[in-house]
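**Q** Sharing a structure here in structure tokens format.
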Amino acid sequence: MIRRNIQLDKNGRLRHFLTIEGLKRQVLIDILDTAESLSGVTDQSVKKVPLLRGKTIVNLFFEASTRTRTTFELAAKRLSADVLNLNISASATKKGETLLDTLANLQAMHCDMFVVRHAESGAAHFIAKHVAPHISVVNAGDGRHAHPTQAMLDMFTIRRIKGDFYPLKVAIVGDILHSRVARSQIHALTTLGVTEVRVIGPKTLLPKDVESLGVHVYHDLEKGLDDVDVVIMLRLQNERMQGAMLPSEHEYFQLYGLTEAKLEAAKPDAIVMHPGPINRGVEIESSVADGPRSVILQQVTHGIAVRMAVMSTCLGTTAQMEAQEGGAA
Amino acid sequence: MRILIKNGRVIDPANKIDAVHNVFIADGKIAAVGESIAGFQTDKEIDASGKLVLPGLVDLSARLREPGFEHKATIASETRAAALAGITSLTCPPDTSPVIDTPAVAKLIRQRAEYAGMSRVYSIGAATQELDGETLSELAALKEIGCVGIGNAYAPIKNPQILKRIMEYAATFDITMHLFSEDPSLRDNGCMHEGGISTRLGLPGIPEAAETAAVARDLALIADTGVRAHFCRISTGKAAQMIARAQYDGLPVTMDVCAHQLYLTDMDVGEFDSQCHVRPPLRSQRDMITLQEAVARGNISAICSDHQPHEADAKLNPFRESASGISALETLLPLTLRLADDKKLSLSDAIARVTCGPARILGINAGTLDEDRDADVIVVDPEQYWTVSEQTIQSRGKNTPFMGWDLKGVVTHTLINGAFVD
């Protein structure tokens with residue numbers, strides 16, 4: 001039985017953006033190209049295009065988040081869409097309403113897109129399986145599973161600075177076990193065809209059989225950073241000091257914290273990335289975070305254009321945009 | 001009523017029968033298997049040519065949801081589905097509500113089953129009161145009321161000293177201890193097998209060690225106390241090998257496996273399919289093959305359904321939040337027949353795993369076609385296909401990952417106590 005990819009509509013166009021996994025390389029490239037053409041919008045004085053005028057986008061956040069929600073909100077507004085912010089953690093589910101009932105109520109209000117963040121892996125897929133045919137779902141992070149828009153803005157950043165994906169060696173450092181960002185980044189990097197993806201961390205923070213995702217495993221930071229073009233640092237959460245995963249932030253910083261000295265192992269023009277928010281002195285030294293090789297703030301800027309690209313792609317209006325601009329690249 | 005089942009391929013592994021025979025039933029008992037009986041006045045004749053004639057199946061674990069969870073299913077609905085699926089005896093785990101920790105609850109279940117008049121229902125008594133894992137239940141009383149064993153369902157018995165004492169007490173009265181071996185700390189909040197798939201899906205995993213560590217501990221205590229023990233729903237190849245080795249060393253241990261563990265792996269979870277959310281979890285391809293081999297060799301002497309019917313809402317949630325369990329009565333026989341079809345073991349051995357094998361573990365008089373035994377007999381068309389669908393599943397629970405599968409093996413007649421079930 002051949003199961004159609006739930007993310008694609010029956011014409012093979014992207015309808016939901018739930019995970020990088022299972023998407024063809026060209027789909028990712030198209031999103032990056034669309035983001036490139038939309039990135040000019042932020043530089044204009046009137047920061048809007050009418051692409052999604054009349055559409056209603058609902059930010060359905062079951063897990064609190066200010067950063068991601070604001071970038072999605074900004075992106076939607078720059079596309080002239082109406083935005084509804086729903087912080088579900090505070091409302092109905094506490095009263096025992098099922099996820100499906102929450103959805104049904106929202107759908108009755110005629111929305112076009114749900115941007116969903118949820119603590120459970122698979123929540124975005126679950127919602128996508130149960131929405132009406134005209135509604136699109138964008139995953140803003142589900143449990144440990146995926147955070148595809150973050151991965152796309154990271155890829156956009158890499159492409160802008162490094163140009164070509166093929167020759168790159170990329171290292172992801174830190175708590176890969178609990179990271180949805182890392183999983184999406186790994187899928188994006190392998191789909192886009194980089195030379196090598198490395199994960200670096202102690203065994204307690206690396207998931208079982210992680211090699212099966214197509215990565216090389218390192219436990220030594222310097223060895224792992226040897227000759228690398230892109231270093232992606234992950235945030236270390238406080239909870240990791242419980243349950244015997246790590247002894248202390250101190251030891252973690254000694255072994256896996258990115259300092260100027262450790263960075264010497266990488267290529268001289270290597271860039272440093274971080275999905276944010278950063279823990280200075282835990283996973284990264286301030287001088288590196290603020291230094292010339294850090295592109296952390298550029299990632300944030302790119303986040304808006306990339307999310308605009310994802311939203312407009314899923315709501316099917318890129319074709320309209322190309323027609324409007326007369327095919328300009 | 002005098003019934004003649006004619007010309008069927010009779011498979012009665014306990015009596016080493018696998019041949020075309022006639023089966024004569026009179027007054028609710030099996031009168032004879034084989035040649036004609038002189039002067040047998042047949043009231044009803046069934047032509048079983050091309051079909052199998054088997055002892056009614058014995059299912060080691062089927063949750064009937066009554067008392068306590070009647071919104072999911074009832075004794076009446078599930079024993080009927082079981083009977084139509086060829087299961088004439090089934091065993092109910094103790095985690096009803098209230099728990100089967102007193103003779104009163106066991107009696108209630110038995111009476112409701114008798115009233116329904118379908119499959120026979122046996123109970124596993126709760127080893128600890130309210131399944132708390134600490135306070136011993138009145139095991140002797142539970143045995144006396146007819147419980148065929150005691151166990152703690154999914155609830156862990158964390159303190160090894162307490163487990164040892166429960167085993168000693170059970171051994172005093174020659175009661176079989178049913179163990180679900182899983183270390184709760186290693187299980188943690190896991191919801192599927194820990195491996196490449198759980199990593200990919202970002203779902204917390206249950207490592208193989210959660211089962212093997214617990215099995216190792218339990219084997220040590222069994223050796224110490226001499227209790228007769230049965231390991232329920234083994235999911236890892238390693239644990240099956242450990243228990244097999246213990247069997248060769250002479251320990252009084254048996255084990256069973258769920259039918260679905262022999263066909264599905266963690267890969268079947270796919271894109272978070274909650275129909276594959278089960279406990280113990282679906283494990284790797286290698287585990288599945290090792291379990292099949294253990295079933296073929298007979299180290300695993302029983303295949304059970306582990307039937308857990310749910311209302312539709314229970315599965316309509318993101319994977320980890322969905323309820324675990326499969327509605328499995330009606331796929332038990334077809335999946336078992338398929339094992340023989342796939343040449344993993346002979347048809348006779350496959351039938352043994354769902355008839356005399358489980359009956360021996362429970363110590364009940366069932367699963368055979370011995371003369372003078374209660375006539376629990378089924379007739380099966382082994383070549384007829386049916387599609388698993390909401391309409392064909394008779395159980396109240398439609399939660400199965402086999403939905404849409406075409407399976408071979410249809411029960412055409414079920415007799416319990418020599419009476420037809422329809």
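The values are calculated or read from the model by the stated rules, or taken from the named source; none is laboratory data. Here the structure is a predicted model, which is why all the values come from computation and not from measurement. Heads up, the Cβs are rebuilt from the backbone with ideal geometry, glycines too, and the neighbour counts pull from every protein chain shown.
**Q** Test residue A:235 against the criterion of being buried (at least 16 other Cβ atoms within 10 Å of the Cβ) and either within 14 Å of chain B (Cβ to nearest Cβ) or closer than 19 Å to residue A:154 by Cα (or both), and give yes or no.
**A** When the stated conditions are applied, residue A:235 passes them.
To keep it simple, each residue is scored yes or no on (1) part of a helix (DSSP H, G or I); (2) among the aliphatic types (A, V, I, L, M).
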{"position": "B:310", "(1), (2)": "no, no"}
{"position": "B:313", "(1), (2)": "yes, no"}
{"position": "B:364", "(1), (2)": "no, yes"}
{"position": "B:381", "(1), (2)": "no, no"}
{"position": "B:385", "(1), (2)": "no, no"}
{"position": "B:389", "(1), (2)": "no, no"}
{"position": "B:396", "(1), (2)": "no, no"}
{"position": "B:404", "(1), (2)": "no, no"}
{"position": "B:412", "(1), (2)": "no, no"}
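**Q** Return a yes/no flag: does region A:115-123 have any residue that is crowded, with 23+ Cβ neighbours inside 10 Å, among the β-branched types (Val, Ile, Thr) and in contact (Cβ under 8 Å) with a residue 24 or more places away in the chain.
**A** Taking every residue of region A:115-123 in turn, at least one turns out to be crowded, with 23+ Cβ neighbours inside 10 Å, among the β-branched types (Val, Ile, Thr) and in contact (Cβ under 8 Å) with a residue 24 or more places away in the chain.
**Q** Let me ask another. Contact list please: Cβ distance under 8 Å, first residue in region A:9-33 and away from chain B (no Cβ under 14 Å) and surrounded by fewer than 14 Cβ atoms within 10 Å (Cβ to Cβ), second residue modelled with pLDDT of 95 or more and not in a helix (DSSP H, G or I), pairs at least six apart or on different chains.
**A** If the second residue must be modelled with pLDDT of 95 or more and not in a helix (DSSP H, G or I), the pairs left are A:25/A:193.
**Q** For region A:180-291, list the strands (runs of 3 or more DSSP E) that sit wholly inside it and hold at least 3 residues that are in contact (Cβ under 8 Å) with a residue 24 or more places away in the chain and within 20 Å of the chain's Cα centre (by Cα); which are they?
**A** It comes to A:196-200, A:230-233, A:271-273.
**Q** For residue A:106, work out the one condition from (1) within 14 Å of chain B (Cβ to nearest Cβ); (2) modelled with pLDDT under 90; (3) surrounded by 15 or more Cβ atoms within 10 Å (Cβ to Cβ) it doesn't fulfil.
**A** (1)
**Q** Still on this structure, I have one more. Checking residue A:199 against (1) on the phi > 0 side of the Ramachandran plot; (2) within 14 Å of chain B (Cβ to nearest Cβ); (3) surrounded by 22 or more Cβ atoms within 10 Å (Cβ to Cβ): exactly one of these is not met. Which one?
**A** (1)
**Q** Right, here's the next one. Can you tell me which of A:210, A:138 is β-branched (Val, Ile, Thr), within 11 Å of chain B (Cβ to nearest Cβ) and crowded, with 18+ Cβ neighbours inside 10 Å?
**A** Result: A:210 is the single residue among A:210, A:138 that is β-branched (Val, Ile, Thr), within 11 Å of chain B (Cβ to nearest Cβ) and crowded, with 18+ Cβ neighbours inside 10 Å.
**Q** From B:378, B:393, which residue is of a type outside the set (Gly, Ala, Ser) and farther than 22 Å from residue B:347 by Cβ?
**A** Of the residues listed, the single one that is of a type outside the set (Gly, Ala, Ser) and farther than 22 Å from residue B:347 by Cβ is B:393.
**Q** Next question, about the same structure. Looking at region B:285-308 only, could you name the residues that are closer than 25 Å to residue B:398 by Cα and outside any helix (DSSP H, G or I)?
**A** Within region B:285-308, B:302, B:303, B:304, B:305, B:306, B:307, B:308 qualify.
**Q** Tell me yes or no: at least one residue of region B:36-48 is within 27 Å of residue B:304 (Cβ to Cβ) and touching a Lys or Arg at 6+ places or on another chain (Cβ under 7 Å).
**A** Yes, there is a match, as at least one residue in region B:36-48 is within 27 Å of residue B:304 (Cβ to Cβ) and touching a Lys or Arg at 6+ places or on another chain (Cβ under 7 Å).
**Q** In region A:170-184, what residues are away from chain B (no Cβ under 13 Å), at negative phi and not β-branched (Val, Ile, Thr)?
**A** A:171
**Q** Just wondering, is there one or more residues in region B:141-155 that are over 27 Å from residue B:210 (Cβ atoms), among the acidic types (Asp, Glu), out of contact with any Ser or Thr (no Cβ under 7 Å at 6 or more places or on another chain) and not in a helix (DSSP H, G or I)?
**A** No, the conditions are met nowhere in region B:141-155.
**Q** When you go through B:297, B:320, B:279, B:233 one by one, which is the residue that is more than 26 Å from residue B:72 (Cβ to Cβ) and in contact (Cβ under 8 Å) with a residue 40 or more places away in the chain?
**A** B:297
**Q** Another question about this same structure. For residues that are more than 15 Å from residue B:279 (Cβ to Cβ) and in contact (Cβ under 8 Å) with a residue 60 or more places away in the chain, scanning just region B:209-230, find the one that is surrounded by the most Cβ atoms within 10 Å (Cβ to Cβ).
**A** B:229
**Q** Just give me the residues in region B:133-185 being among the hydroxyl-bearing types (Ser, Thr, Tyr) and in contact (Cβ under 8 Å) with a residue 60 or more places away in the chain, in sequence order.
**A** Correct list: B:154, B:176.
**Q** Among the residues of region B:366-379, write down those that are assigned to a strand (DSSP E or B) and closer than 15 Å to residue B:15 by Cα.
**A** Matches in region B:366-379: B:377 only.
**Q** Does residue B:354 fit the bill of being in contact (Cβ under 8 Å) with a residue 40 or more places away in the chain, under 14 Å from residue B:334 (Cα atoms), buried (at least 16 other Cβ atoms within 10 Å of the Cβ) and out of contact with any Gly (no Cβ under 7 Å at 6 or more places or on another chain)?
**A** yes
Residues are listed down the side, and each one gets a yes or a no for (1) closer than 25 Å to residue B:402 by Cα; (2) modelled with pLDDT of 95 or more; (3) more than 14 Å from chain A (Cβ to nearest Cβ):
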site	(1), (2), (3)
B:198	yes, yes, no
B:205	yes, yes, no
B:210	no, yes, no
B:213	no, yes, yes
B:218	no, yes, yes
B:238	no, yes, yes
B:247	no, yes, yes
B:277	yes, yes, no
B:285	yes, yes, no
